[in-house]
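Here the structure is laid out as structure tokens; the discussion comes afterwards.
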Amino acid sequence: GNWKSNGTTESIATLVDGLNAGAASVRCEVVCGAPFVYLPQTQATLGAPFEVAAQNCWEMGPGAYTGEVGAEMLKDIGVPWVILGHSERRALCGETDSVVADKVAKALETGLKVIACIGETLEEREAGQTVAVCTRQLKAMTD
């Protein structure tokens with residue numbers, strides 16, 4: 001699950017405790033997308049079979065990119081997954097198909113596993129453009 005921009009150290013602890021308590025009944029892969037500031041706490045307390053994902057990463061290598069978190073940084077701290085291309089980042093942060101494709105390529109090159117998000121807006125769905133939009137977004141990542 002994507003925890004988005006939610007949580008406190010206390011609420012993350014409660015959530016992780018609940019997940020850990022139900023771990024024995026898990027019959028699928030579960031990846032938890034914690035906010036960046038809670039990744040270390042989540043990694044330290046979340047047990048198997050759960051894994052942790054970052055909610056984004058920078059498409060460039062290390063450098064003077066204030067506020068960005070590079071794929072290499074995530075790999076360095078042992079975060080195995082990253083969520084990229086989420087509709088909120090596309091809509092609110094202006095991430096284009098090209099930017100998302102660059103992020104996906106960088107993450108994969110770095111050895112991260114990627115949850116690549118695609119999807120249409122409500123307006124695109126109502127206009128019957130779902131397949132065209134999703135195809136365009138996927139094509140950008142595979143070219």
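Averaged over its residues, the chain has an accessible area of 57 Å² per residue, based on protein heavy atoms and a 1.4 Å probe. How much net charge surrounds SER87 when only the other residues with a Cβ under 12 Å from the Cβ of SER87 are counted, with Lys and Arg +1 and Asp and Glu -1? Computed value for this residue: 0. Each Lys or Arg adds one and each Asp or Glu takes one away; over the other residues whose Cβ falls under 15 Å from the Cβ of GLY70, this sums to -3. With an a/c value of 1.5 or above and a/b not larger than b/c for the gyration tensor axes a ≥ b ≥ c computed over the alpha-carbon atoms, the range 23-143 is described as oblate.
Dividing the summed -39500 (n - 2.57) terms of all DSSP H runs of n ≥ 4 by the residue count of the chain sets its mean residue ellipticity at 222 nm at -13000 deg cm²/dmol. Among the lysines of the chain, pairs that are 8 or more positions apart or on different chains and have alpha carbons within less than 16 Å of each other number 5.
Based on DSSP H assignment, which helices of the chain show an axial Cα extent of at least 24 Å together with a mean Kyte-Doolittle hydropathy greater than or equal to 1.0? Kindly include the intermediate steps, with their values, before the conclusion.
Values: long enough: none.
Sorted by number, there is nothing, because no helix extends far enough and scores high enough.
Each Cα pair under 8 Å and six or more residues apart adds its separation to the average, and for the chain the resulting relative contact order is 18 percent.
Can you give me the % of accessible surface on the range 31-80 that is carbon or sulfur? Probe 1.4 Å, all protein chains present, nothing else counted.
Values: 1470 of 2410 Å².
Answer for the range 31-80 is 61 percent, counting heavy atoms of protein chains only.
The values are calculated or read from the model by the stated rules, or taken from the named source; none is laboratory data. In this text the structure is predicted, and so the values were computed from the model without any measurement. Don't worry about glycine lacking a Cβ; one is built from the backbone with ideal geometry, like all the others, and counts go over all protein chains shown. In case anyone asks, the SASA skips ligands and DNA or RNA and just uses the protein heavy atoms, side chains included. Shrake-Rupley method; radii C 1.70, N 1.55, O 1.52, S 1.80 Å.
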